[in-house]
1. Multiply the residue gap between residue 321 and residue 147 by 0.36 nm, knock off their C-alpha separation, and tell me the result in nm, one decimal place.
2. Report the calculated FRET efficiency for residue 188 and residue 544 (r = Cβ-Cβ distance, R0 = 51 Å), to the nearest 0.05.
3. So how far apart, in nm, are the two label points at residue 251 and residue 443 if each is 7 Å from Cα heading toward Cβ?
4. Quick one: check the C-alpha center-to-center distance for segment 497-529 versus segment 55-82, whole angstrom.
5. As an exercise, use a Förster radius of 60 Å and the Cβ-Cβ distance of residue 530 and residue 103 to find the FRET efficiency, rounded to the nearest 0.05.
6. Quick check on segment 100-244: take the gyration tensor over C-alpha atoms, sort the square-rooted eigenvalues as a ≥ b ≥ c, and tell me if it's rounded (a/c under 1.5), prolate or oblate.
7. Residues in segment 295-316 near a label at residue 218, defined as backbone nitrogen under 14 Å from the 7 Å Cα→Cβ point?
8. Under the 0.36 nm per residue contour assumption, what length would be gained going from the current alpha-carbon distance of residue 504 and residue 163 to full extension?
């Protein structure tokens, strides 16, 4: 059997459904093997888009996704997606080509050491030096990429190795179970929670990676303990719930931070250090229980008193089975915080000025999306507003990146989300800066006949950096740019283009786009001029009424 055929059969044995990428000369044997495979090749317009698609597929399914590039510049274009998947804990395998390693007549043309290049930003990287090594290399890559904490892995398949003959059999995927927490840690957690005065549950990124929602729902229903989410923990529990206190979108001084400071015990589930700290621990008697797949990364602002290490869902189930609600718990304060947060949010959402305010925009998008609809965000200041103001109802229905926080991922992520969930509404929100970094993938979406809506929040500038520049009292410099006519731009790819010209138009326009087959690109002017006043002053003043 040709080695490239064995390689593809090994991918099939691992359950691979898609390979995203751009082949080159050095991948042609592998490409021919894929042609005769059940695996679908999703040809993209840039390797970065392919990597973002694969990472998002891994994030949504929990399975290892695959992307493909050639050597040299193709491989270097996967560096950002590799870091995106690695920091975001998304299981992904990158396959890159290489010149023949036994004999080559091309010298060092396009040759870089891709294995060493990927080493610092992956969990595992290797070059296949023999066709006989293919089954073990792929099995090991998939195992490492999938196990907690998930991330990126890389295999380099040289051109001459891909075409050599091999008789090596496949290795069957092994079965494994995540370890569970020790009973002494569970008992200690139950005691700490029952003895607390005002416990609160904080849900982070780790809880969004596995099936933890059911157990957390049962825990909250039994105890009545309110919950808070981080940006990447959104949707594990329904944020329309009256027990939802808020999201830690801001670093401090929001309503949610008043609740955190009032709590004498924080049950921190799935905390991931790649996110900005959702709270700062102080040496003032506040206690923290760390519940996660692995132990805590301790630093000056995070030093939990108890660590419950093991499968999160099982840990929560064990605690839930033993715990009893306590009459001594004081939880009414959290309800007051919730009501004030919702009242402030709803007041801002009714503003009909144009260009549209981000609060109004988020509300209208929420109204058009069903509870299981998926919104993918690129990176920009609007991400704060979605994290804070968009109630996510199910896990991974608001896909934002608070780890690498890379621009350019929003549109490719939406394409992957639609491939995984063809029957769900999928909408991507991008700033004009992030959209233009991978806007060519509109052609990919059109070619795949996807039903997809992309909304571009246009302010003709790198808005988040411009906001920070102003906040630091610097003059406006170096951050403004021009844009194409996005309506015409969309049509040039075969998509449909739309432009919002008033706040009242947005919601019905988005509803129409979501209800009409095809790819739709919506140009929506946005006004960020109130960001500083609202985020740095108004919210701080209103939340200060809730004394700690």
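1. Length gained, residue 321 through residue 147: 60.0 nm.
2. On the way: r = 35 Å, r/R0 = 0.69.
About 0.90, to the nearest 0.05.
3. Output for this residue pair reads 4.1 nm.
4. 31
5. Numbers: r = 65 Å, r/R0 = 1.09.
The value I calculate is 0.40.
6. Values: a/c = 3.77, a/b = 2.70, b/c = 1.40.
Verdict is prolate for segment 100-244.
7. Answer for segment 295-316: 312-316.
8. Details: separation 341, 0.36 × 341 = 122.76 nm, distance 5.99 nm.
Gain in length upon complete extension: 116.8 nm.
Only the coordinates and a few stated rules stand behind these numbers; no lab work does. None of the values given here were measured: they were computed from a predicted structure. Heads up, the Cβs are rebuilt from the backbone with ideal geometry, glycines too, and the neighbour counts pull from every protein chain shown.
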